[in-house]
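Accompanying notes for the structure given below.
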Amino acid sequence: MGDFTFSGSHGTRMRKTASTMRRASHLAAETTSWTCTTLQTWTGQRCAGAAGGVSSTGGAWGSGDRSIYCLMARQMAKELSATVICPDYFVYPKANVLGMIQDIVDCLIWARESGQKFNFDKDNIVLIGHSAGAHLCTLAALFLIDGREELFIEASKQADVTEAIRGVIGLSGVYNIVDHYEHEQKRGVEYVSTMHKAMNGVENFPYYSPTHLLKRLSRDKLDRIPPFALLHGTDDIIVPFDSSAKFCDLLTSLSVKVSLYLLPRVDHTEIVTDLMVPDRRFYHPIYSCIKQEHRKLLGAW
């Protein structure tokens, strides 16, 4: 469970150690290795200074690899005419949730500082995450807005990255860790899942829940939250669709712009795997929602 996608531009604190370039007929892909992570970029045809998406892997905060999602990143670059970055981030037990958020923010900084090399606009970043990745992307955006010291990034740089984030698109996301743990208990998987370990224990569930964090933000910080687009399949039994529905209700109550799409007959994996190949049954319906929201987000501010 879980991958995140962010799209955009330029810059990183990570040290580059190696890179290779290869070109396909209409897409350019670059793989770059860093001391703490690796990432890959895909650029859609006819992209000049284009915004894009960053697509990263994860699995219940404890597994995953970007290679699994390269097909999705490639198709997303084509469908959105965007540059898509697909990074890895450390997962449990190599990192806890804070370390994962730090990796995502590092990639955002890299995008702002280096994105011009890959034809994307450093001031138009869209975060796109699936499941645990949607949770991490949301927390990354909220931590930046809240100016969290544990990100170990100077305040001015946090402000610059925050202003560049045009929106967040969440696919089958987890937004309330307390609620999701109760769902894991009902399914009898709470001890198999790495979620509670990645969060450093049950006592930290509220701290790492976007729903709880939102309720503590000042009006000034709430006004800086970018628009959200939430997509969720009605046949999802891994993360029930009421996760997105409740989050939408909360955002609406706080006057944060949000759109909600409940997708009939779509389950937890199809919302991602069907984005990889055009002949999948939900490919076009899901991409039509994503493309519509991507256009709205880039034109929202």
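Points worth noting:
- Qualifying residue in segment 285-296 (condition: surrounded by fewer than 15 Cβ atoms within 10 Å (Cβ to Cβ), at pLDDT 95 or above and of a type in the set (Asp, Glu)): no
- Some residue of segment 217-225 being farther than 25 Å from Lys122 by Cβ and touching a residue at least 60 places away in the same chain (Cβ under 8 Å): yes
- Restricting attention to segment 210-221, the residues that are loosely packed, with under 15 Cβ neighbours inside 10 Å and either within 15 Å of Phe247 (Cβ to Cβ) or at pLDDT below 95 (or both) add up to 1.
- Filter pass, Arg166 being basic (Lys, Arg), over 16 Å from Phe205 (Cα atoms) and touching a residue at least 24 places away in the same chain (Cβ under 8 Å): yes
- Inside segment 245-254, residues that are under 21 Å from Lys221 (Cα atoms) and out of contact with any helix residue (DSSP H, G or I) (no Cβ under 7 Å at 6 or more places or on another chain) make up a count of 6.
- Checked against (1) farther than 27 Å from Ile286 by Cβ; (2) surrounded by fewer than 14 Cβ atoms within 10 Å (Cβ to Cβ), Val189 meets all criteria but (1).
- When Phe241, Phe205, Phe228 are checked against the criterion of being surrounded by 19 or more Cβ atoms within 10 Å (Cβ to Cβ), more than 19 Å from the chain's Cα centre (by Cα) and either aromatic (Phe, Trp, Tyr) or modelled with pLDDT of 95 or more (or both), a single residue qualifies: Phe205.
- Taking segment 215-301 as the region of interest, the helices (runs of 4 or more DSSP H) fully inside it that hold 3 or more residues being within 25 Å of Glu163 (Cβ to Cβ) are 219-222, 242-253, 283-300.
- All conditions but one from (1) among the polar types (S, T, N, Q); (2) surrounded by fewer than 24 Cβ atoms within 10 Å (Cβ to Cβ); (3) in contact (Cβ under 8 Å) with a residue 60 or more places away in the chain apply to Thr138; the one that does not is (2).
- Scan of segment 154-172 for residues that are surrounded by fewer than 24 Cβ atoms within 10 Å (Cβ to Cβ) and part of a loop (DSSP other than H, G, I, E, B), ordered by number: Glu154
- Within the option set Tyr207, Tyr175, being within 17 Å of Lys246 (Cα to Cα) and in a loop (DSSP other than H, G, I, E, B) holds for one residue only, Tyr175.
- Ser193 vs. criteria in contact with a His (Cβ under 6 Å, 6 or more places away or on another chain) and either of a type in the set (Ser, Thr, Tyr) or over 30 Å from His294 (Cα atoms) (or both): no
- Only a single item in (1) touching a His at 6+ places or on another chain (Cβ under 8 Å); (2) within 19 Å of Ile125 (Cα to Cα) is not met by Ser172, and it is number (2).
- Residue match in segment 283-300 (condition: more than 16 Å from the chain's Cα centre (by Cα), over 22 Å from Val126 (Cβ atoms) and not hydroxyl-bearing (Ser, Thr, Tyr)): no
- Scanning segment 178-204 for residues that are closer than 20 Å to Gly133 by Cβ, free of Cβ contacts under 8 Å to residues at least 40 places away in the same chain, of a type in the set (A, V, I, L, M) and assigned to a helix (DSSP H, G or I) yields one hit, Val178.
- Residue within segment 241-248 that is out of contact with any strand residue (DSSP E or B) (no Cβ under 7 Å at 6 or more places or on another chain), free of Cβ contacts under 8 Å to residues at least 60 places away in the same chain and among the charged types (D, E, K, R) present: yes
The values are calculated or read from the model by the stated rules, or taken from the named source; none is laboratory data. Being a predicted model, the structure only gives us computed values, none of them experimental. For neighbour counting, all protein chains shown are included, and Cβ atoms are generated from backbone atoms with ideal geometry for every residue, glycine included.
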